[in-house]
Amino acid sequence: MTTVPPEPWPPRWYHSFDRVYDAFHASLRRGARRLISRRLRRRVAEDDVVQSVFRTFYRRHARGECEFDHTGALRNYLWKILGNKVRRYAQRHHAQLRDVMAEVEPGDSGWMVELPDGRPGPEAVVILRDEISYLTRGFLARDLRILNLHFAAYSSEEIAQRVGCSRWTVRRVVEGFGRRLQDASRAPRTR
């Protein structure tokens with residue numbers, strides 16, 4: 001089997017940002033997605049890494065540190081930069097105080113820390129408050145009051161009487177919140 005040499009481009013073709021970006025962006029993005037772990041991806045977006053690769057390349061090129069004869073040489077150079085960038089991001093985010101592996105996901109067992117008396121700890125309370133505020137975004141003040149009374153174990157009739165609405169409104173708000181909660185538990189979200 002014979003190998004075909006990489007296609008030579010006109011001299012200094014890589015001086016054009018648009019040509020280099022168009023030629024390599026998609027493959028570098030796919031490579032970054034493959035190299036960045038799932039946990040690290042929550043902190044570092046593949047587009048940010050690829051952007052950093054292009055910045056590094058153009059900074060080095062402007063200083064005259066690199067010359068390329070063909071597309072294959074440039075591709076290998078960009079992939080080497082990409083690998084170094086991902087490795088550095090991983091090292092930074094695995095440092096002791098930042099360790100991405102120390103994060104606990106809501107689906108993991110033991111994500112809600114409990115005190116010895118069985119009550120949730122302060123971290124769990126903060127997590128729960130954050131989740132509830134995320135799930136109730138866009139709710140009316142009346143709907144939030146309905147949910148507060150519902151979580152305080154008031155009946156639908158008592159809530160309707162206190163808020164000044166029908167039982168069906170109470171039921172609609174509580175069921176709507178339940179649907180949001182179910183949807184949120186199925187799919188990861190980005191904030």
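The values are calculated or read from the model by the stated rules, or taken from the named source; none is laboratory data. Computed from a predicted model, the values in this text were never measured in an experiment. Note that each Cβ is placed from the backbone with ideal geometry, even for glycine, and that neighbours are counted across all protein chains shown.
Observations
- Selection from the range 44-65 of residues that are of a type in the set (Gly, Ala, Ser), surrounded by 13 or more Cβ atoms within 10 Å (Cβ to Cβ) and without any contact (Cβ under 8 Å) to a residue 24 or more places away in the chain: Ala45
- Qualifying residue in the range 151-159 (condition: assigned to a loop (DSSP other than H, G, I, E, B) and surrounded by 14 or more Cβ atoms within 10 Å (Cβ to Cβ)): yes
- Among the conditions (1) modelled with pLDDT of 65 or more; (2) within 25 Å of Arg29 (Cα to Cα), the only one that Met101 does not satisfy is (1).
- Helices (runs of 4 or more DSSP H) within the range 34-95 that include 2 or more residues out of contact with any helix residue (DSSP H, G or I) (no Cβ under 8 Å at 6 or more places or on another chain) and under 17 Å from Phe17 (Cβ atoms): 46-62
- Yes/no for Ala124 being modelled with pLDDT under 90, surrounded by 12 or more Cβ atoms within 10 Å (Cβ to Cβ) and in contact with a strand residue (DSSP E or B) (Cβ under 9 Å, 6 or more places away or on another chain): yes
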